[in-house]
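Readers should treat all values here as calculations from the given coordinates under stated rules, not as data from a laboratory. Since the model is a prediction, treat every value here as computed from it, not as a measurement. Virtual Cβ from ideal backbone geometry, glycine too; neighbours counted across all protein chains shown.
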Amino acid sequence: MKVLRAKAEHILYAKTISEHIDQSARIRGTGIARRKPEYIVTKIENGNAVIALENKEFAGFCYIEIWGHGKYVAHSGLIVAPKFRGVGLAKKIKKDVFNLSLEKYPNAKIFGITTGMPVMKINYELGYEPVHFSELTDDPEFWKGCQTCKNYDILTRTERQMCLCTGMLFNPKKKIKNKKFNLNVLKRLKHIKKKLFQKKNHEKI
């Protein structure tokens with residue numbers, strides 16, 4: 001298995017990557033924006049993507065997006081083909097795209113929003129911290145990517161203040177020691193959010 005910085009020679013995988021992202025978005029319903037092959041191609045051409053291959057067979061992918069005129073970057077489209085799941089590949093890809101971000105955009109804050117505990121765990125171990133949505137980019141183009149999520153109405157109702165996703169941020173100017181992931185803390189956070197929204201929805205009925 002090879003995890004590589006995507007180059008022009010990998011453009012041929014763009015359609016396959018797009019199909020995997022679309023399939024994952026339909027199954028999960030949250031946490032991932034659908035992307036056309038042409039969009040994937042631009043990320044590869046700009047040197048802002050990481051791809052995993054097993055003997056030329058597509059295994060995984062992730063790309064960098066720049067927001068707020070370079071003040072923020074986010075890792076999007078993290079996908080692992082079903083055949084290669086459960087072996088830690090997502091973590092390898094995430095670490096590699098994280099290092100690529102630090103190299104290309106050393107002063108940018110790296111952020112993400114997710115409902116997935118595995119991604120939260122990886123982010124936390126890389127030095128991300130859970131934050132309020134107000135600490136993330138206010139670039140409207142980023143938030144448009146949430147429109148395909150089944151919880152988008154929650155995001156709009158709260159005027160982008162919160163949702164079922166957890167916002168996480170890595171600040172390169174802030175020195176953070178290696179930390180162990182406390183799964184229970186984020187599980188409690190997720191549980192509290194769900195209860196809060198259930199209560200609000202009940203009050204509206």
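Observations on the model:
- Filter on 43/109; 2/104; 109/144; 95/174 - keep pairs with C-alpha separation over 24 Å: none
- Loop-located trypsin sites (Lys or Arg not before Pro) across region 55-138 with a Cβ neighbour count of 15 or fewer within 10 Å are 56, 71, 85, with loop assigned by DSSP.
- Considering only 142, 130, 82, the residue lying farthest towards the positive end of the dipole of region 1-147 is 82, judged by Cα position with unit charges set on Cβ.
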